[in-house]
Amino acid sequence: MSAPASGLAQIGKSVFVKGELSGSEDLYVDGQVEGSIALKANSLTVGPNGQVKASIDAKGVVVQGKLEGNIQASDRVELRKSAIVTGDISTQRISIEEGAYLKGKVDIHRADVKS
Amino acid sequence: MSSVSQNFMKLFRGSSGSETVPEQASQKLSRRSSGLGELSRAWEAAEGMCILDLGSTSANNIRHFTERGHKIYSEDLLTASTDPELATTDEQGNAALDSRKFLADNLVYPAAHFDVVLCWNLPDYLDESLVKPVVGRLWSVLKPGGMLLAYFHTRDAGPDSPCHRFHIVGPDNLEMTKITLRRDPHGSSKGVVNTSTDGFQLQRVFNNRHIENLFRDFASIKFFLARDNIREVLVVR
């Protein structure tokens, strides 16, 4: 289990947030979030205690806890073995550990080829 | 006579079967699947198919289909059936699962949405009260001409046959690993009806007539007998 890196914005496991979250730094959520999370150029990590009910728009998403909502990731999505995800995933790359639970559609979009 | 029986029913003694992968004998099995081979020909020849995988979430399967430009939906129905809120009793007062609630929360797709449904061994491990309603819903979400693959144990397999997750590793090759229950998506560590301490239990053994009956609304059914006490069934809506 990976711990959050220092210098990372964190929502601890006793914190509940409802509304729209956006930012320009990586975010680690080990508490509860309801609403939407937009981190266009940064990554979201849902920790093992995290319970997120939100649509996600981020560069990268790592899930160790529970996430309900659609994920739009411009780079990659990682579902760790303890992940429980309900929602559609649209990303360039995805990795899923054995034991992870996913209910939803997976759409892999290829990176734009630069001429 | 059922509509399935009226249609062509073919019985093959195929070369399907499983063998142990030597280096990981206790965990992984390799299995050749004639039914998968037939389905593979369909998805290799087509583009943009809509595929529903009802087994445990598999990165292999997601990669297999997305690399070919298909849309893949993953929904682990067996794990979903362990939701404690589904527990109810039938008319005789026996423990059962609430199929209406189950279908309100699961398999919620537009009609005629999928080209292929991969059931794997779901019917053998799913609670009795859910089997027919689930097959009925699968009929409605499959496109006419869409195909469904399911595996059924024969009686010789024995009551303790482990439930596996299936990873597609080739056109007609699967890797199987035993499913060990750690928790369900609703937070409980153990299921309601159909789980043992470390995995799902075989609920029943269907014979050919039961299987024909189960899929009687479908247009055709094809059986493949394997060497490992599994009957593969490929049905077409």
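The values are calculated or read from the model by the stated rules, or taken from the named source; none is laboratory data. Small disclaimer: the values here were computed from a predicted structure and weren't measured. Positions of Cβ are generated from backbone atoms using ideal geometry, with glycine treated the same way; all protein chains shown enter the neighbour counts.
Counting only residues that are facing chain B (nearest Cβ under 7 Å) and either in a strand (DSSP E or B) or modelled with pLDDT of 95 or more (or both), region A:91-104 holds 7 of them. In a residue-by-residue description of region A:25-37, the property of being at pLDDT below 95, of a type in the set (Ser, Thr, Tyr) and in a strand (DSSP E or B) applies to no position. Can A:Asp88 be described as at pLDDT 95 or above, within 14 Å of another protein chain (Cβ to nearest Cβ), out of contact with any helix residue (DSSP H, G or I) (no Cβ under 9 Å at 6 or more places or on another chain) and farther than 21 Å from A:Lys13 by Cα? The answer is yes for A:Asp88. Applying the condition of being aliphatic (A, V, I, L, M) and out of contact with any Asp or Glu (no Cβ under 6 Å at 6 or more places or on another chain) to region B:145-175 and asking which residue is modelled with the lowest pLDDT yields B:Ala157.
Note on region B:28-75: residues that are facing chain A (nearest Cβ under 10 Å), out of contact with any strand residue (DSSP E or B) (no Cβ under 6 Å at 6 or more places or on another chain) and not in a helix (DSSP H, G or I) total 2.
In the set (1) surrounded by fewer than 19 Cβ atoms within 10 Å (Cβ to Cβ); (2) within 14 Å of chain B (Cβ to nearest Cβ); (3) basic (Lys, Arg); (4) closer than 20 Å to A:Leu8 by Cα, the condition left unmet by A:Lys81 is number (4).
Remark: B:Gly55 matches the filter, which requires a residue to be closer than 19 Å to B:Leu142 by Cβ and small (Gly, Ala, Ser).
Somewhere in region A:51-62, is a residue more than 14 Å from chain B (Cβ to nearest Cβ), touching a residue at least 12 places away in the same chain (Cβ under 8 Å) and in a loop (DSSP other than H, G, I, E, B)? No: region A:51-62 contains no residue that is more than 14 Å from chain B (Cβ to nearest Cβ), touching a residue at least 12 places away in the same chain (Cβ under 8 Å) and in a loop (DSSP other than H, G, I, E, B). Can you pull out the residues in region B:77-97 that are more than 19 Å from A:Ile84 (Cβ to Cβ) and either modelled with pLDDT of 95 or more or within 13 Å of another protein chain (Cβ to nearest Cβ) (or both)? Answer for region B:77-97, where residues must be more than 19 Å from A:Ile84 (Cβ to Cβ) and either modelled with pLDDT of 95 or more or within 13 Å of another protein chain (Cβ to nearest Cβ) (or both): there is none.
Criterion applied to B:Pro162, B:Pro110, B:Pro123, B:Pro133 was being away from chain A (no Cβ under 14 Å) and over 23 Å from B:Arg209 (Cα atoms), and the one residue passing it is B:Pro162. Within region A:93-113, residues that are over 14 Å from A:Leu67 (Cα atoms) have Cβ atoms under 6 Å from residues that are assigned to a strand (DSSP E or B) and at pLDDT 90 or above in these pairs: A:Arg93/A:Arg76; A:Ile94/A:Val77; A:Ser95/A:Glu78; A:Ile96/A:Leu79; A:Lys105/B:Tyr73; A:Val106/A:Ile89; A:Val106/B:Ile72; A:Asp107/A:Ser90, counting only partners at least 6 apart in sequence or on another chain. Filter region B:76-97 for residues that are touching a His at 6+ places or on another chain (Cβ under 8 Å) and in a loop (DSSP other than H, G, I, E, B); which is surrounded by the fewest Cβ atoms within 10 Å (Cβ to Cβ)? Out of the qualifying residues, it is B:Asp83.
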